[in-house]
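**Student:** Have a look at this one.
The values are calculated or read from the model by the stated rules, or taken from the named source; none is laboratory data. Since we're looking at a predicted model, the values are computed, not measured. Ligands, DNA and RNA are stripped out before the accessible areas are found, and what is left, the full protein with its side chains, is counted by its heavy atoms. Shrake-Rupley method; radii C 1.70, N 1.55, O 1.52, S 1.80 Å.
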Amino acid sequence: MSNASQFPKHLIGPSSASGPLPAMANAKVVALLAVLALLQVSSCAIARRHGEPSSSLRGGGTPAVMTVNGFQRGEEGGPSECDGHFHSDGDMIVALSTGWYAGGRRCRKAIRITSARTGRSVVARVVDECDSRRGCRDNIVDSSAAVWKALGLDTDAGEVPVTWSDA
């Protein structure tokens, strides 16, 4: 007599080669994975809607176009939005498009920028907004010459593809 015949069938459940109740256990695992996948997709959509980069997109960063900007007195713009000061072009600093600048919530925060051309990454500090309401496109990381140099890029290129994320 087998051990299974010693217990009532309603306590054991159906049996198979892999043991009792494998179909129900597999169904629960599949359902749990589906819920987790939906939560991940939802969090990415919410992050994009609120101007935040999604680290799950394209290798850990938000795709962008990097341009070169002068942050010193007498160059392209005025003082930075974050602190009202001019900065050296030798500093690792950036201005972000309006949506990513997020009303100043990224001021003085570090971001990681990765060049699609060289594969190098650097960390730079947000000091300004690239105003999308005044001609700046909504996918711009406007950076100092120091950022370009650290990424192994020539500023004469004008624009290069990058990804970025909060550091």
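**Student:** Label region 83-130 by shape, choosing from rounded, prolate and oblate, from the square roots a ≥ b ≥ c of the eigenvalues of the Cα gyration tensor; if a/c is under 1.5 it is rounded, and otherwise prolate applies when a/b is larger than b/c, oblate when it is not. Please report the intermediate quantities before stating the final value.
**Tutor:** Numbers: a/c = 2.31, a/b = 1.41, b/c = 1.63.
In terms of gyration-tensor shape, oblate.
**Student:** Provide the per residue accessible area, probe 1.4 Å, for region 52-156, rounded to a whole number of square angstrom.
**Tutor:** In whole numbers, region 52-156 has 51 Å² accessible per residue.
**Student:** Multiplying the sequence separation of Asp83 and Arg117 by 0.36 nm and subtracting their Cα-Cα distance, what value in nm do you get?
**Tutor:** That pair, Asp83 and Arg117, stretches by 9.0 nm at full extension.
**Student:** 5 Å is the cut-off here: which amide hydrogens, built 1.01 Å from N in the peptide plane, fall below it relative to Ser80, excluding neighbours closer than 5 in sequence?
**Tutor:** His85, Phe86
**Student:** Roughly how many Å² of Asp138 are accessible to a 1.4 Å probe, to the nearest 10?
**Tutor:** My reading of the accessible area for Asp138 is about 120 Å².
**Student:** Using a 1.4 Å probe on the protein heavy atoms, what percent of the accessible area of region 83-167 belongs to carbon and sulfur?
**Tutor:** Ligands and nucleic acids excluded, carbon and sulfur give 45 percent.
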